[in-house]
Structure formats: C-alpha cells, structure tokens
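The values are calculated or read from the model by the stated rules, or taken from the named source; none is laboratory data. Bear in mind the structure is a predicted one, so any value in this text is a computation, not a measurement. Glycine also receives a Cβ, built like all others from the backbone with ideal geometry; neighbour counts cover every protein chain displayed.
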Amino acid sequence: MTAAAPLPAGPEGRDLYRLVEELYPLCRSITGDGVRQTLKIIQRHAPIDIHEVPSGTAVLDWTVPREWNVRDAWIADPSGARVIDFRRSNLHLVSYSVPVRARMPFSALRPHLHTLPEHPDWIPYRTSYYDETWGFCLTQRQLEALPPDGEYEVCVDTTLEPGSLSYGELVLPGETEDEILISSHVCHPSLADDNLSGIAVSAFLARHLGARARRRHTFRFVYAPGTIGAITWLAQNRERARRVRHGLTLTCLGDAHPFTYKRTLAGGAEIDRAAAHALAHSGLAHQSIDFFPYGYDERQYNSPGFRLPVGSLMRGRHGQFPEYHTSADDLSFVSPERLAESWTVLATMLDVLEGNGRYRNLAPDGEPQLGRRGLYRAVGGTDIPGLQLAMLWVLSLSDGEHTLLDAAERAKMPFRAIRGAADLLEQHGLLAPV
Amino acid sequence: MTAAAPLPAGPEGRDLYRLVEELYPLCRSITGDGVRQTLKIIQRHAPIDIHEVPSGTAVLDWTVPREWNVRDAWIADPSGARVIDFRRSNLHLVSYSVPVRARMPFSALRPHLHTLPEHPDWIPYRTSYYDETWGFCLTQRQLEALPPDGEYEVCVDTTLEPGSLSYGELVLPGETEDEILISSHVCHPSLADDNLSGIAVSAFLARHLGARARRRHTFRFVYAPGTIGAITWLAQNRERARRVRHGLTLTCLGDAHPFTYKRTLAGGAEIDRAAAHALAHSGLAHQSIDFFPYGYDERQYNSPGFRLPVGSLMRGRHGQFPEYHTSADDLSFVSPERLAESWTVLATMLDVLEGNGRYRNLAPDGEPQLGRRGLYRAVGGTDIPGLQLAMLWVLSLSDGEHTLLDAAERAKMPFRAIRGAADLLEQHGLLAPV
Amino acid sequence: MTAAAPLPAGPEGRDLYRLVEELYPLCRSITGDGVRQTLKIIQRHAPIDIHEVPSGTAVLDWTVPREWNVRDAWIADPSGARVIDFRRSNLHLVSYSVPVRARMPFSALRPHLHTLPEHPDWIPYRTSYYDETWGFCLTQRQLEALPPDGEYEVCVDTTLEPGSLSYGELVLPGETEDEILISSHVCHPSLADDNLSGIAVSAFLARHLGARARRRHTFRFVYAPGTIGAITWLAQNRERARRVRHGLTLTCLGDAHPFTYKRTLAGGAEIDRAAAHALAHSGLAHQSIDFFPYGYDERQYNSPGFRLPVGSLMRGRHGQFPEYHTSADDLSFVSPERLAESWTVLATMLDVLEGNGRYRNLAPDGEPQLGRRGLYRAVGGTDIPGLQLAMLWVLSLSDGEHTLLDAAERAKMPFRAIRGAADLLEQHGLLAPV
C-alpha cells in the first residue's frame, strides 16, 4: 500500500540564513535603491518581476510618495568627532528624513534624537514617511555621552524626489485561477527578523513551488513595502485580487519564539483551518489568535473593500518582544534552524490547501469491501492500522459536502495521511472529486 | 482629537438612598393606597402617569383582583397585650389577608402564623393573593413567647373591595419608535432591596434620560405590581409592546452582592450583549446567567405570545440570599454606594443600546490615510494609541453588517471608546450610518 | 397533582444474566447453526422473525459468503495428546477456518497459531472470513508447552458450503411509521460482554416495549452478524431504512466500565441528545464521544448512502480494555447488576424519544393563572416546588419550535418530570401538540 505523502523536503536552514545575511546590510525604506537591490537579490532565488510605480500615482486613498535615498548622514559633536554615523548603522537615521546641513546647539538638536532608555545599548528604528522632518536614532548611552555645550554639526544628505515605488511579484500559474497569495514586506532596513526572515522563507517557498510539475492553485508571491506597497498592489490589481482564495503575510519567522498564527478577519477560513492543522501536527509550540486591524499587510487585504482571507504567520509577535524594531533584531536574533522550521510549517499549510477538496464515495451504501481489493488486513483482531482507518474516514465523510481537511480534523490525523488514503481510494475507483 | 465619551455622570448615591428611605414605610401590595402613594412619590422625580385599571377587568388569562387596603391588624394575647402589631411592621400581616375579628385559642390561631425558625429574629414576608385566607408573620422568638393557654384576640381590619390596580408609566419619545422598556415591580411592602432599590434606580434613570436633548430610542418606564401588573400592562398595550426592541426588569440593586444579569429567553439579544459588555468593563464583580421562567416580570415579557427581549439586572438573586423576603431586607441592607454603582452600570448599558448601529466605511479599500487627516501619529514606532486603534477597528468592521458593539467586543475596548472613534470618523467623512 | 412518570420498571438483572449464560456456550460466527440457535433462544423472550439469505446473494458492495459450520477441531502433539481442542473452547479455532486434516512438523504448524504473549493465560479471538486459511488460538502457556520436535496432527473438521446468512428481526408497530432501530451483532462465539450482553439487553427491551399498549414510534430490533449482517439488512431494506429516525447499536453492556455513548456521524441528532440526557440523569459514570468510522454496525448505518442517525451505547469500549476479544471476556466479566443498569439507561433514552415533541402553549400571552386551576401553591414564599417549575418551563418554551427535551435540558430536570408537567398542562387545556 502507498504510504502517506512525506513531509515536503525543504531547503537547508543555512541557505535561508545566508539570504538573510546577504540582505541585512542594505538600507531599505518604502522606496529607494535599497528596496530595488533587495528585489534583485531575491531574483537570484525566484524569478520575480520588479514593478516600478511612479511617485504621485493615486493608489486607493493614498498617493505614491517621492522616492527617498540616502547618501550620508551623521552628527558631529562640538569637537568635530562624528559621534553618530549612518555608515555604522542605517538605523541611526529616521527613515524618510528630509535633507539638512546645519550647525546648532544641543538644545536644538535634542528634539530630533530618539533613544530607548530601558535598553540603553540598542538603537530604535523610527520612520517619518508623511511628516517632513528629520531625526536620528541612537543608543541611550550615546545620548548620555553627548556634551551639552558647544555647537553640533548635522548632516542629512538624503534625496526626496520624484521617482518610484518598487515591488516584486511572481506568479506561478496553476490548474485553476484560484490564487494563493504570499505577501512579505520589504521596507525595513537592517532588521533581520522583521522582515528578512519572512522574505527569505517566501523566496525559498517560491523556488520550491516553481519547481513543481503540477499546481492546483495559482500562486502569487508579493514583496512590497508595508502598507503603501500592499495598497499599491491592491490598487493595480483590483480585479485579480478577487481571485485570492487563501493568503498569508509572513513576518518574524527566524526568531526563537513559538509560532503565532493570526487568523483572517472572518476567522474559520480554509487558510485558518489549514494553519491550525499544520501547526497542531508540527509538534512545535504555537498559538492562534484572532484578527485585529493592526500589524502587517493582512490589514489591507482584509479591509472591507477586499475582504481577502489573508492570515499571518509569525514567530515573535510585532510589538510583543523587546528586540522588535531595534538594533537588537540583528543576525544573532535569527537562526538557520528556526527559519527552516518556519519553511516546513508553511509548506505543510500550502500542501493542505493544494490537496484539500470535496470527494464522493462511489460505493456509499455501507462500507465497500476493502478486503477483496487488497486494501484491508486479512485476519481480524482488535486494532486497525492507520492507513485503513484513514481510508474509513475518507469513505465515511466523502458525501460531497465534507472536505478531506474535515476528515483530517475529525480523525486527528495529519492531512497527508488522509490525502494518501484518498489517493489510494481514487486509484481503486472508490472515490472521485466533486 | 476627541477623547472617548465619558462615563454617564450619575446621581449621588445619597439621593438614590433617600428615595428608598422615603418609600420604605409604605405598605404596598398588588393593589391599594400604598402603591398609589409610591407612584406619587416617584412623580416628584420623573413625570410618570398613573393608570388605574378597575377590579374585574380581564387581562390576558387573569382578572384584575379587588383592591386591598389595611386599616389595622394585630393579635392580642390572653392578657390583652397586643403582641403582634401591623403598625410596628407591615410585614406582620400576610398580604391580601381577608378581614377577621375573633377570639380563639392558640391552637386555632397557630395555623395562621408564619415564622422563619432558622432566622429567629426575622419576620418573613408572605402573600395570599388568590386564596381567601388571613395570616400573620412574626419572628420565631415572638412565636415561642406566646402563652399556650387562654384566649387570643385577632383583628384583621382590611378591606377587599372593587377598586383598581394602579401602575405608573413614563414614555420618553425618541427619534424612532423602537422602544427600550425598563420595568420595576412596586408591590412589596417594607423591603428595601426588593424592590425599592429597583424603583429608585429606575426613577433616576428616567430623570436622567428625560433631560437628554436627543434620544434615539423611545424609552418606556413601567412601575407596576409584579405578575398581575405586568400582565395588565401587556393586556393594555398588546400592539405597543411589539415595538420593544430591548428591555430590562430591575430588582435588588442596592445590596452588596456581585451583579447578576439574567439573559433573555433566546439569549444573544442585543440587550444581553450590551449588559455583558457594560458589566465586563465596569470593573465590578458580576455573572451572567441563562433565562429561567421564574423570578420577576421578565417571565411575562418573554412569554411565547410576546417574546420581548427583556433581561433582568440584579445584585442579590431572588431566593438566593437569606435576607430575601424577610424583615432583614431593611434600610441597613442597602447602601448609597451600591445604588450608585447600579445606576452607572445601567446607564452604561443604555448608552450602548443608544449608540450602537451598523456603519459603512466610506474608504473601504485598504486603510484610509488617517495621517493626512491629522488622525494618526506622525512618527512610527512600536505601539499605537487607543483612539487610533479604535478607529482602525471601526474602519475594519464597518461593512454594513457588523455593529459598533461587535467592534467593541472584538477590540475588547469599552463601547464609548469605539463610539468616540466612530464620531471622529464620521466628522472626517470616512464613516456613515447604514 | 400528578407525580412525574416513574423510571421504567425493568427486568431483574438475574434474568438478563441467565440469558447471557444460556447463549454463552454456542459457537457463533457470521453464518452457521450457532447463529440460528442463538436466534431461536431469543425467540423465547421476544417474537423475532428469523431471516435466511442464501450464500452468493449480492448485498451492496458485498456477497453473502458460504455458510460455515464446525464439527470438530483439534491439534494432537507428537505423543498423540489432543493439546488444543475446540470442544474445550470455541475460541481455539480461527473463525471461518477451512477444513484441513494433516500431519506436519511444528515449524509448519507455527504460522497457524495465535497467542497473546502479554496475557499468557488468555486465548485470543481471531477470524478470517474472506481469506481462505485456517488457524488456532491458544494461550501463550500452551504454546510454550508444545514440544518443538516430532510430528503434529491437525484436524479442522469444518464445512464451508452454500447455505445462508441468518438474522433476526422484530418490528413493533407504532402510531407512526417513524422508526427506532436497535441493532445488536450476534456473530461472536463465547464472548460474554461482546456481545451476549447487548443481545440480552436488546431482547428484554423488545419484550418490554412489545407489552406496551401504545407506542408512538415503530420499533425495529435487528439481531445480525456484524458488518455483513448489517449490510445484508440494509440491502434488503433500502426503502424501509429511510424511516429510521433514531437508532442505536448495543455492545459490551455487562461489564463494570463506565458508560460510553458514541454519537452519530453528524452529532446533535435527537438520539445523541436523548442519550446524553439519560446518562446525565442516571447518576452513573459516563462519557460521550464523537463518531469515528470504526467499531460496530453504526459504521454501516451512518455510511454516506444511508446516513441513519444511529449512535452506539457501550460500557467498555471495543479495543480499549484488555479482555476485549479474548477468553477473559467470559461469564465472570459481566454481572446482573451492570446488565440491569444498562437496560434502565436504554429504557430511559427510549422514553425520551417516545415522549419528546413540540407543543404549543394555548395561553401564550403572559403566564396562565395556574392558581385558579389548582396547579399552583396558594401562599407565596421564596421557593417553588419542582412540578410547578417544570410547568413554567414547558409553558415558557412551548412555542411550536422548542421541544420538551429542549425544556428538560434548559431546566436541568429529568425528562420524565418535564413530560409529567406537560401531561398535566394538556389535561388542563393549556397545552397541545403541534
């Protein structure tokens, strides 16, 4: 008899980690060359298209902003020493800071400085996309070491000019136009878990699925800046978005926290059940939480005008761990093992979605005689092997209404065992898809 | 930005308590001058109408009984001492006792005496509305002190004659004919918690709502004797009763027990959810229990012929605390603080009902750009203020199907915070009622 | 006032046990004289019909097999001693063993021997209905005592010839054609709990119900071999099967385990609720478990082509206790007391199904005045007797949609109390069936 389909064979954790490492130094924001370079590096793993949407384009309720790029940024203290320097960490500069070149006393500089007093050695990550200002992020210890007297020199050598917003997209056509959307935000500078981990896992999933001979769903991978990127994609794909049957945003998938799956707004969507099932059978610590309208781009996809059933998989929850949005979210905060676990959990979820469906038992009156088809043990005893029980579950629920995932949930068996039993029954003419 | 609507500013607990004190000495029953005087005292606080329904009027399956009034009632022992005297406590006389003036031995008197052996210093409260008899209630110690020999003299100087049943009613018109019914029973003699507490809280709610410039619902306050009074009101308002969208009976609201909310028969009505929400956010101990067809007039309102969604709010549960229906339910059993808490919880529930509704997000595709409308913080960090989160919840759920109460429940935020966010969004043209 | 209907008066446990004793020695299988004799003994208690279905008859996806009978079976060791003998225990022979008469060394015999190493004194029960082979079951100690050298003689003197499959059936007509099906498997040899206990309880239920003057449902009792027998019955009663509104399979009802009720496939059927109710009010330990497509003939009845709402009542769960399908399931494993308890629980379930229904309160507006009909206590106090509360529950829920079982569940009262209250209300013209 056919054994249950094996777990998807995934990439090595070290390959996932290497991609995170490669992307780490780039200075990303919601626009600019850092995003473009990031997308080009992704292209080495999966053949994504890079789209450029001009500044000023109206997208839903928003407008694509001017493009932001950084040449240099620093603060020199009264002695002339460059005490804060963008080249040492791109987190030092508030994202979308407008250009400035000025000398000023500490009192004038101080309102532009951001620190984390409770973590005196970490640099915070701050943005000011829609308010024209500038600022620097530094450690609390750096702040305390700044002399109060004398004149400081500030250089923010940035450009904020008409350009474009860049995003990446890969469509893997399937047997149907029903789509599965995998979306990852690409707008954060040197933060490893948020979201180079999500980008890396997504890129390797795209490569894996692209290599498949057969896909039931069409898969769409989107790599776009948070909020404005997802809004731009939605604005440009209003009709195509209606085909999304299941979706996920990916974030913070490399840290050591247990998994958290955030459900779609309605809850109870097939992606919600697939996620719960894959996590329950992963043997890994996890929780599922209800949707809330804050977090990453699941906010946009689930908005009233679209209501796409998009959940979110993460390990650490945004805003819930101290390293979040600080320089402590560095390469030591993520690991090859956790990245590989995340890939496997996601691949299992996608296999559930790909393999699920409604079937009809073709010998529905009583149980078919499996024994004469060689599908049942010969000598009756007290227990029953798993595959036979899986077949009985599939036969019992295949009434055209229940799905294979229903069977897996009720049987408390991994989906791939139920899917394997269904394959065997189809081969023996006992089962047909509805 | 607008802050969330504040908690309703309520009356002082001492004003509620003073009304309880004023009503306490009166001898009420299901008819008679005690009820009439009670209603007149309520009129000083809220402009209720007093309705009189003649004895003999057919009301649903019942008939309005003859009116009962008491001039005097006492028992004199063989020495001639008035050992039991209605003038000392109106609980001494079984309510609706028929007139009697007779001399009898203790053995003949004994079957007419009611005590509480387990609480030897308390007088029980007993009624005999539909069985023509008479009786006295006394403490166990009084009973034990009665000499067994000699002749007793009994005086029950009552009248039971054609008259009328009195009830009070106040209608506060609103923008719609949809009604909220607040019903309190007024048939108990000197029992403070049951139900002078309910009457006092109701009267102050009526005054508060009457002073409002704008009411969405029409409010109807009913003050009627238990069972026969509610039945009489229903009989005379068959059609108007159909307009009741939400209702509450009020009882035992001045004692120190945690709150108990008893759900409507169907459960899951909007009043059930409003009550659960107000209690959950009150910070006070509480429980919700399922409907059962015993208790106060929620029985009548929820009957199959009407099925009005009427729940019941109480603190101590009828029959579940020892002081219930005894002389221990006196002025020391209730307190200004507890009465004021009850008023606030009820006012919060009513505000939920008044403020709830379905809305439509007018920028439903993705999130609207709150920042350019001055509704969002400028510099992005790791957390989000409550009002912004409340706006995101309202925008996210305002699809014409979910209500603001749905949003408050899912957000685990007080309704007034959600309502405040909705007001702000309406002002900015982002939200409209359905 | 009428008291609540009493618990059904059942048979003595010793009478149930005596039937188990009488049936115990017979060698049953899925066909053959042992089944026929079993059915004839049942006829002494309940007037069942015995049906014979010829070998070779096509039944759903199956074919009625040849009939199997045993004249003798033994193994003689090299010394000629009959070390394993069917006449000492019919479990020694694998059911449906084909005839053999041969001499062979131990090495050739060994693959035909089945033991339970973990229970060295017990004989296992094994079958080989559809694979033409033979075998013996013996204790592990017997196996270990067999000398390894020399020649063994094996005699399996069975017949496997065209004949018929036998099953018993009793139909007790009721006022409606809606049927309650009680099905027990009769294919096991000397195993007391599985399933002589089920057969005995079923036979005494049939006798009890047959003696009733009035039955609302038509009752159908089926005594058939497991799997192939139920499939044969379904094949021959395709149309009649559609009338089954509620059903139960009975098994393992004499042991000392707590009750287990296994729900129908859909769950939430009236039989599921009746079972849960009867068990909850039995005062006996019990659990309810969801359907799974393994076990006894509930598998066939619930199959997609029929979907009959058939649950299963058992004490020990098949495969979950060590004595299951071994010689330790003997007469000492079952007791009169447990059999009688099982009978009572089942009779209570059936009474719920018989007595349940939707009613209409004929005085639905408010509460009817029970007092003037003599249905309510005269003097009001703080509590209320159970019968009055039961009447209030029935009146409150009798809106043509709720059932009496709904009322019993919500009231947390035994169904017979609610049913008694409904009878009283019907007598007083306050209630009518829908």
Only listed residue being small (Gly, Ala, Ser) and surrounded by fewer than 18 Cβ atoms within 10 Å (Cβ to Cβ), chosen from C:GLY150, C:GLY163, C:GLY174, C:GLY135: C:GLY150
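Among C:LEU346, C:LEU284, C:LEU331, which is the only one that is surrounded by 22 or more Cβ atoms within 10 Å (Cβ to Cβ) and either at pLDDT below 95 or not acidic (Asp, Glu) (or both)? I'd like the intermediate steps shown before the answer.
On the way: C:LEU284 fails: surrounded by 22 or more Cβ atoms within 10 Å (Cβ to Cβ); C:LEU331 fails: surrounded by 22 or more Cβ atoms within 10 Å (Cβ to Cβ).
Unique residue meeting the criteria: C:LEU346.
Checking the structure you have, find out if any residue of region C:181-198 is among the acidic types (Asp, Glu) and either more than 14 Å from chain A (Cβ to nearest Cβ) or at positive phi (or both). Steps first, please.
Of region C:181-198, the ones among the acidic types (Asp, Glu) are C:193-194.
Restricting the remaining residues to those that are either more than 14 Å from chain A (Cβ to nearest Cβ) or at positive phi (or both) gives none.
Within region C:181-198, not a single residue is among the acidic types (Asp, Glu) and either more than 14 Å from chain A (Cβ to nearest Cβ) or at positive phi (or both).
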In region C:10-42, residues that are surrounded by fewer than 20 Cβ atoms within 10 Å (Cβ to Cβ), in a helix (DSSP H, G or I) and touching a helix residue (DSSP H, G or I) at 6+ places or on another chain (Cβ under 9 Å) total 8
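Looking at region B:125-134, can you tell me whether even one residue there is among the β-branched types (Val, Ile, Thr) and within 14 Å of another protein chain (Cβ to nearest Cβ)? Reasoning before the result, please.
Just the residues of region B:125-134 that are among the β-branched types (Val, Ile, Thr), to begin with: B:127, B:133.
After this cut, where a residue has to be within 14 Å of another protein chain (Cβ to nearest Cβ) as well, the list is B:127, B:133.
So far as region B:125-134 goes, yes, one or more of its residues are among the β-branched types (Val, Ile, Thr) and within 14 Å of another protein chain (Cβ to nearest Cβ).
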Could you say which residue among A:GLU144, A:GLU175 is at pLDDT 95 or above, charged (D, E, K, R), closer than 20 Å to A:GLY80 by Cα and not in a strand (DSSP E or B)? A:GLU144
B:TYR167 vs. criteria within 14 Å of another protein chain (Cβ to nearest Cβ), touching a residue at least 24 places away in the same chain (Cβ under 8 Å) and touching a Pro at 6+ places or on another chain (Cβ under 9 Å): no
When region A:188-209 is examined, which residues are found to be surrounded by 24 or more Cβ atoms within 10 Å (Cβ to Cβ) and part of a loop (DSSP other than H, G, I, E, B)? A:HIS188, A:LEU191
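Here's the yes/no breakdown for (1) within 14 Å of chain B (Cβ to nearest Cβ); (2) surrounded by fewer than 18 Cβ atoms within 10 Å (Cβ to Cβ); (3) of a type in the set (A, V, I, L, M, F, W, C):
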{"residue": "A:ALA213", "(1), (2), (3)": "no, yes, yes"}
{"residue": "A:ARG220", "(1), (2), (3)": "no, no, no"}
{"residue": "A:ASN237", "(1), (2), (3)": "yes, yes, no"}
{"residue": "A:ARG245", "(1), (2), (3)": "no, no, no"}
In this structure, is A:THR115 within 14 Å of chain B (Cβ to nearest Cβ), in contact with a His (Cβ under 8 Å, 6 or more places away or on another chain) and of a type in the set (S, T, N, Q)? no
Scan region C:260-300 for residues that are within 14 Å of chain A (Cβ to nearest Cβ), out of contact with any helix residue (DSSP H, G or I) (no Cβ under 7 Å at 6 or more places or on another chain) and among the hydroxyl-bearing types (Ser, Thr, Tyr) and jot them down. C:TYR296
Subset of region A:313-325, residues in contact (Cβ under 8 Å) with a residue 60 or more places away in the chain and within 30 Å of A:THR115 (Cβ to Cβ), comes to A:MET314, A:ARG315, A:GLY316, A:ARG317, A:HIS318, A:PHE321, A:PRO322, A:GLU323, A:TYR324, A:HIS325
Would you check if A:ARG317 is surrounded by 20 or more Cβ atoms within 10 Å (Cβ to Cβ) and out of contact with any helix residue (DSSP H, G or I) (no Cβ under 7 Å at 6 or more places or on another chain)? no
Please go through region A:304-316 and pick out each residue that is within 11 Å of chain B (Cβ to nearest Cβ) and touching a Ser or Thr at 6+ places or on another chain (Cβ under 7 Å). A:PRO304
